[in-house]
1. Tell me, how many Å apart are the Cα centres for segment A:89-124 and for segment A:14-88?
2. Fully extended, how many nm does the chain gain between residue A:15 and residue A:138 (0.36 nm per residue separation, minus their Cα-Cα distance)?
3. State whether the protein assembly as shown is rounded, prolate or oblate according to the following rule on the C-alpha gyration tensor (a ≥ b ≥ c being the square roots of its eigenvalues): a/c under 1.5 gives rounded; otherwise a/b larger than b/c gives prolate, and the remaining case gives oblate.
4. So in the protein assembly as shown, what percent of DSSP beta bridges are antiparallel if you round to the nearest 5?
5. Using a/c under 1.5 as the rounded threshold, could you call segment A:22-103 rounded, prolate or oblate? The axes a ≥ b ≥ c are square roots of the C-alpha gyration tensor eigenvalues, and prolate needs a/b larger than b/c, oblate otherwise.
6. Please build a GNM for chain A, connecting alpha carbons under 10 Å apart, and tell me which residue among A:20, A:146, A:110 fluctuates the most.
7. Please find, in a Gaussian network model of chain A (springs between Cα atoms separated by less than 10 Å), the residue of A:13, A:112, A:78 whose mean-square fluctuation is greatest.
8. Per residue of A:52-58, what is the mean number of Cβ atoms on other protein chains within 10 angstrom of that residue's Cβ?
């Protein structure tokens, strides 16, 4: 099944900069059967467990996170770049290749002990996701799963997420 | 029903700047019943018509657009800020309060004569959405509906979208 889905991923050389072979998921999203199958595959990971919230990271993460929250009958919690969320937030800084960035979540978004999934489109080095995990831990969420559409296995992002259940639908 | 949903929208004064009363949808999104009801209300608009693609605008638009595309069994097409989409794009410039901005869509995202919905969280002055309509017209899509969660009626955004079927779930 994952081989079928992989056919809908397009590789774009030198984006966003020279030397990077970008995995373009827009060709999967626009194919209704492939998009449905991708979301359903993510839902299968939780095997009927009751999930309170799906957390996702803007912007591409929102696409799978929102569809999955809808499918599972869970609430949806956006994690956003600094300054985008209007109410009181908690935040975490994380390192990028050059410099740092900040992610924020509303302070009152999640009740303690909530069962959550965290969803993003791509696991590369795992830096962004480990920042989101820190946010989730700050509000004492119970992380039932961290789900990616795509995992770039060579970059070993999984190692940054040790101790958490990490799932990916498509491995490269 | 819309009164029930409105209870989940939080108003935040002076965000993103002084004098603006921001409609915060994150409190609706995190409530599983309200999020489901909002998406289902959007789906009712199309009354069983077959939709090929749902177009949405980053970032908040992605949340409702992706859930709706999943619900309707349609493909999902992201409209993004300049430079975010990796393949060949078409673009449109539009005016903001100060200056201009650019939205892009992949050139090959939509086949001519496709039946589409365009979804965003909020209709204010309608400037962004009329730019998205221009993109959709460039690829000869058939716009079956433009759907917003929230419409700020005083700002008369509907007038910028004349000739298209515009729907909003919550009117203020």
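Please treat every number below as a calculation from the coordinates, not as lab data. What you see is a predicted model, and the numbers here were worked out from it, not measured in a lab. In this analysis, Cβ positions are derived from the backbone assuming ideal geometry, glycine residues included, and neighbour counts consider all displayed protein chains.
1. 14
2. Roughly 40.9 nm would be gained on extension.
3. Rounded shape, in that the Cα axes give a/c under 1.5.
4. Counting DSSP beta bridges with both partners in the protein assembly as shown, the antiparallel share is about 35 percent.
5. Judged from the Cα gyration tensor, segment A:22-103 comes out oblate (a/c at least 1.5, b/c at or above a/b).
6. Highest fluctuation among the options: A:20.
7. For chain A, modelled as a Gaussian network with Cα springs under 10 Å, the answer is A:13.
8. Numbers: counts 2, 3, 4, 1, 3, 1, 5.
Partner Cβ neighbours, averaged per residue: 3.
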